[in-house]
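Written below as structure tokens is the structure these notes are about.
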Amino acid sequence: MAVSIEDVEILKPKTDKREYRRIVLKNSLQVLLISDPDTDKCAASLNVGVGSFCDPVGLEGLAHFLEHMLFYASEKYPLEDSYLKYITEHGGSTNAFTASEMTNYFFDANTDCFEEALDRFAQFFIKPLMSADATMREIKAVDSENKMYLLSDERRMSQLQKHLSLESHPYHKFGGGNCDTLDVRPKAKGVDTRQELLKFYEDKYSANLMHLVVYSKESLDKIQSLVEDKFQEIQNSDRSRFQFSSQPCTSEHLQILVRAVPIKQGHKLRIVWPITPSIVHYKEEPCRYLDHLINHEGEGSLSYVLKKLGWATELYAGEDDRASEFSFFYVVIDLTDAGQDHMQEIIGLLFKYIQLLQQSGVCKWIFDELSAICETGFHYEDKISPIDYVVRISSNMQIYPPKDWLVGSSLPSDFNPDTIQKILNELSPESVRIFWESNKFEGLTDKVEPWYGTAYSIEKVSPSRIQAWMSSAPNENLHLPVPNVFIPTDFSIKNPQEKIKLPVLLRKSSYSKLWYKPDTVFSTPKAYVKIDFDCPYVSNSPETEALANLLAMLLMDDLNEYAYYAQVAGLHYDISHTESGFQVTLVGYNHKLRILLETIVNKIAKFEVRPDRFSVIKEMAIKAYQNFKFQQPYEQANDYYSLIIEDQTWPWMEQLEVLHCLDEEDLAKFAPIMLSRAFLQCYIAGNIEHEEAVSMIEHIEDVFFKGSNPICQPLFPSQILRNRVVKLGKGMNYCYSKEGLNPSDENSALIHYIQVHRDDFILNVKLQLVALIGEQAAFHQLRSVEQLGYITYLGQRNDFGIHGLLFIIQSPVKDPGHIDSRVEAFLRMFESKLSEMKNDEFKGNVNALINMKLEKHKSLSEESQFYWTEIISGTPKFDRREAEVSQSILIFF
């Protein structure tokens, strides 16, 4: 029986119709039950209050290794990988992650297999089987994962920051693990890694340190009965949570300036302070107040000033690397080449802005505005997938009291200026850590971080030196933001005149098509608007592609000062370059969406090149292209695949080559030519009436196509072409080999693609079924058994209505030729598996596919993205899922 506890009212959004219940099992396992009669998926997440901070000395990565090993098998279900097979065959997925103070295990699956899926999941925490045979294989998987991230600048810089901390503190540890830490070094000391793994599990994993969330369509009583039955046998050893009282940074690790050499091109400043963790004051949320202001991009902000000076391209601020007893506040600034030469002035401006905040005092109106935005966001948050929801809540359960398990720290409500001032005072020159990354430091460093090999040097930087930097910083007009005019106040839901279930072609002219879908499902005060500008001139050459990309980047840059306020208020926008032009996207509260849309349209229509911003944006684009060579090998392989298979695509190397030669005059000439012929494909959905949708598009047409000297002319019929894909000859094999672009990356990759058919409901479901059955089989054979590489994927590929089967494998140990031979061997084995499959198992997979297809969209954005894909791919079959389900039933039953 569950332990009887006093009822706690769990704070939930006012639009949330789900039911919640907190129980504590007799073994002290805390559980949150969630009943959602409308869900298509069940899900569960079990969070264990044990993470990489608990790794024994000399066995770095053991907690992470345990996370890998736990899902292999259990005494009740001893067949290796049978759990993954069961979950996959029932339309689900499963994963886990290890953090510093927790490890989280989770899955989702179709609702008809809820009980058995939950039982299989629970057994890993009751009597897991971590076989000797699997141990070495999974050590190789951990090592493969580590090698995949060896050239990741984020991982490298994170570990460097840990390296420069107190050696005896758990923060200092290397938590990922590799073959050296889990096999070579332990063996040299006579340590049996598997025995240490079993000991770690027995010593650390205790029910009283666990938090479970279970999400189902069943009633709360039914879920509770199942949970009591499945999880009460988890052992409770009454363990205490891992405790550490000291701070990770002593005076030796503060007031430092670290120069480090990154992998990618570019320059970056990370200014870091150890602070009081926000969990201590999560109702006041001092860090949210401070990062709101330091992050701000409106006129007068630090970001605005640095961009105006041409010294920075991006700025991020906020709390990170947080733990129960310590935390850090970060300001991360991406520098331009000019900014690299003005590091001292940039640091000086940052401290001048912090000084401004101190002198201005904590402003109640800013806190109230931020609180209102957060409250609106909480109550009107889009529904997310059950698997993401349970992971978020189970992680919160370790940190917050039960009433705040859903909301966490996302709802600041208690205005306490002293608390905010306390954290602000901690952002001082006395406790700062400055990490300065640039390729210009190559050959000028004298130290190497041991785990990732990052070259660095370190020196002390005194408060008086920072004070001098403040004095030498330019005298810019830094000031606080103004009140946000984009905060919505009208949340009324508009009732559509007719219940339209699928998008309709509401309006068509020689200039545009408008597809429209009112919200009849989600009852949320939000809208989704997508305007695709089809401008054939863009795809003429690598040069026109590069210019179109610069145009989109400059438009976003020009809008930022004004439209950033909309982003803060929950109205998001984007202008992105496409292969045939560019797209404008707006997603969020509909109340003031029209104002933002018209501003964006006017910016496009009156586009002018600002030479100072052109040089900065061009530099950004060049570095982005240059850094393509540092992508993961499988990402590079995917780029080559797209070049081969898709019509009118241009290699990034050619775009980079022409980009160096382009100037602002080239772009000024290009923009009107690009827009001279255009067609607009439009989709408007959500809390918008059809008259308003039509009015929006009519306004856009008036701006671009009407008047005595129109900006655009309609396309000629011959210019309206569908996207085309290269047809691969039946029975033919094609091989394209390419050397990896980064000689330091020891990984190789294979894309093995089988082109199957043009869009057809019957053939689609057959291919989808092959992919569903093959996904787990490929993962088990090629990754778990053969250990080809951490990244092993089998799935479908859809290129503008041309469907195929795709293998993606990245390996640190085998070359692409060997990997390809193993894929071919797998396909032969898989063909036999399909022919021998029993009828019940086959029909189980068919049912899983049907259930996956019938899964409802969770939000307006998710629904809109599905319909937009149909529109832009040229295959507007909006009832695709229902039609394919009907075909599945006709074919297989």
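Annotations
- Filtered residue count, the range 162-199, keeping only those that are among the aromatic types (Phe, Trp, Tyr) and either farther than 24 Å from residue 326 by Cβ or in a loop (DSSP other than H, G, I, E, B) (or both): 1
- Condition check for residue 214: in a loop (DSSP other than H, G, I, E, B), of a type in the set (A, V, I, L, M) and more than 30 Å from residue 633 (Cβ to Cβ): no
- Counted as qualifying within the range 612-675 are the helices (runs of 4 or more DSSP H) with 3 or more residues that are open to solvent by less than 60 Å² (accessible area, probe 1.4 Å) and without any contact (Cβ under 8 Å) to a residue 24 or more places away in the chain, namely 633-645.
- Scope the range 676-700; condition open to solvent by less than 60 Å² (accessible area, probe 1.4 Å) and free of Cβ contacts under 8 Å to residues at least 12 places away in the same chain; matching residues: 695
- Every pair of residues 6+ apart whose Cβ atoms lie under 8 Å, when the first sits in the range 8-32 and is free of Cβ contacts under 8 Å to residues at least 60 places away in the same chain while the second is open to solvent by 20 Å² or more (accessible area, probe 1.4 Å) and not in a strand (DSSP E or B): 17/38; 18/12; 24/2; 24/5
- When 104, 95, 146 are screened for being open to solvent by less than 40 Å² (accessible area, probe 1.4 Å) and either farther than 30 Å from residue 249 by Cβ or part of a helix (DSSP H, G or I) (or both), only 146 passes.
- Residue within the range 109-117 that is open to solvent by 20 Å² or more (accessible area, probe 1.4 Å), out of contact with any Pro (no Cβ under 8 Å at 6 or more places or on another chain), β-branched (Val, Ile, Thr) and part of a helix (DSSP H, G or I) present: yes
- Evaluation of residue 86 against (1) in a loop (DSSP other than H, G, I, E, B); (2) open to solvent by 20 Å² or more (accessible area, probe 1.4 Å); (3) closer than 24 Å to residue 384 by Cα (one fails), failing number: (1)
- Selection status of residue 188, in the same structural domain as residue 455 (by the TED database) and either of a type in the set (Gly, Ala, Ser) or in contact with a His (Cβ under 8 Å, 6 or more places away or on another chain) (or both): no
- Residue, most open to solvent (accessible area, probe 1.4 Å), within the range 701-735, restricted to residues that are part of a helix (DSSP H, G or I) and of a type outside the set (Phe, Trp, Tyr): 717
- Condition check for residue 250 on (1) modelled with pLDDT of 95 or more; (2) surrounded by 16 or more Cβ atoms within 10 Å (Cβ to Cβ): one failure, at (2).
- Selected residue (only one of 592, 530 is more than 30 Å from residue 619 (Cα to Cα) and modelled with pLDDT of 95 or more): 592
- Unmet requirement for residue 57, which otherwise passes all of (1) of a type in the set (Val, Ile, Thr); (2) open to solvent by less than 10 Å² (accessible area, probe 1.4 Å); (3) outside any helix (DSSP H, G or I): (2)
This table checks each residue for (1) surrounded by fewer than 21 Cβ atoms within 10 Å (Cβ to Cβ); (2) within 23 Å of the chain's Cα centre (by Cα).
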position: 257; (1), (2): yes, no
position: 260; (1), (2): no, no
position: 275; (1), (2): no, no
position: 315; (1), (2): no, yes
position: 334; (1), (2): yes, yes
position: 337; (1), (2): yes, no
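- The set of residues in the range 741-765 that are in contact with a strand residue (DSSP E or B) (Cβ under 9 Å, 6 or more places away or on another chain) and open to solvent by 50 Å² or more (accessible area, probe 1.4 Å) comprises 754, 756, 758, 760, 763.
- Residue within the range 79-86 that is within 25 Å of the chain's Cα centre (by Cα) and in the same structural domain as residue 141 (by the TED database) present: yes
- Any hit, the range 562-572, residues being part of a strand (DSSP E or B) and without any contact (Cβ under 8 Å) to a residue 40 or more places away in the chain: yes
For (1) surrounded by fewer than 19 Cβ atoms within 10 Å (Cβ to Cβ); (2) more than 22 Å from the chain's Cα centre (by Cα), each residue gets a yes or a no:
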site	(1), (2)
354	no, yes
360	yes, yes
364	yes, yes
383	no, no
391	no, no
400	yes, yes
415	yes, yes
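- Taken over the range 736-768, the residue count meeting the criterion of being outside any strand (DSSP E or B) and either over 20 Å from residue 792 (Cβ atoms) or of a type in the set (A, V, I, L, M) (or both) is 17.
- Annotation note: Cβ proximity below 9 Å between a residue of the range 701-730 that is more than 27 Å from residue 606 (Cα to Cα) and a residue that is open to solvent by 90 Å² or more (accessible area, probe 1.4 Å) (sequence gap 6+ or interchain) occurs for 723/648; 724/648; 728/734.
- Condition met for residue 501 (open to solvent by 30 Å² or more (accessible area, probe 1.4 Å), farther than 26 Å from residue 705 by Cβ and not in a helix (DSSP H, G or I)): yes
- Residue that is surrounded by the fewest Cβ atoms within 10 Å (Cβ to Cβ), among those in the range 854-875 that are free of Cβ contacts under 8 Å to residues at least 60 places away in the same chain and under 23 Å from residue 720 (Cβ atoms): 869
- Single residue of 264, 230, 268 found to be open to solvent by less than 30 Å² (accessible area, probe 1.4 Å), in contact (Cβ under 8 Å) with a residue 12 or more places away in the chain and charged (D, E, K, R): 230
- Residue-level check: of (1) surrounded by 11 or more Cβ atoms within 10 Å (Cβ to Cβ); (2) farther than 19 Å from residue 688 by Cβ; (3) polar (S, T, N, Q), residue 464 misses just (1).
- Restricting the range 166-190 to residues that are touching a Cys at 6+ places or on another chain (Cβ under 9 Å) and buried (at least 21 other Cβ atoms within 10 Å of the Cβ), the residue that is farthest from residue 452 (Cα to Cα) is 170.
- Pairs meeting the criteria (first residue in the range 352-369 and not assigned by the TED database to the domain that holds residue 303, second residue basic (Lys, Arg) and open to solvent by 30 Å² or more (accessible area, probe 1.4 Å), beta carbons under 6 Å, at least 6 apart or on different chains) are lacking.
- Of all residues in the range 472-495 being surrounded by 10 or more Cβ atoms within 10 Å (Cβ to Cβ) and of a type in the set (Gly, Ala, Ser), the one that is farthest from residue 521 (Cα to Cα): 472
- Residue that is farthest from the chain's Cα centre (by Cα), among those in the range 781-832 that are hydroxyl-bearing (Ser, Thr, Tyr) and open to solvent by 10 Å² or more (accessible area, probe 1.4 Å): 832
The values are calculated or read from the model by the stated rules, or taken from the named source; none is laboratory data. Keep in mind the model is a prediction, meaning the values are calculated, not measured. Neighbour counts are summed over all protein chains in view; Cβ atoms, including those assigned to glycine, are modelled from backbone coordinates with ideal geometry. Note: areas computed on protein heavy atoms with side chains; ligands, DNA, RNA excluded. Shrake-Rupley method; radii C 1.70, N 1.55, O 1.52, S 1.80 Å.
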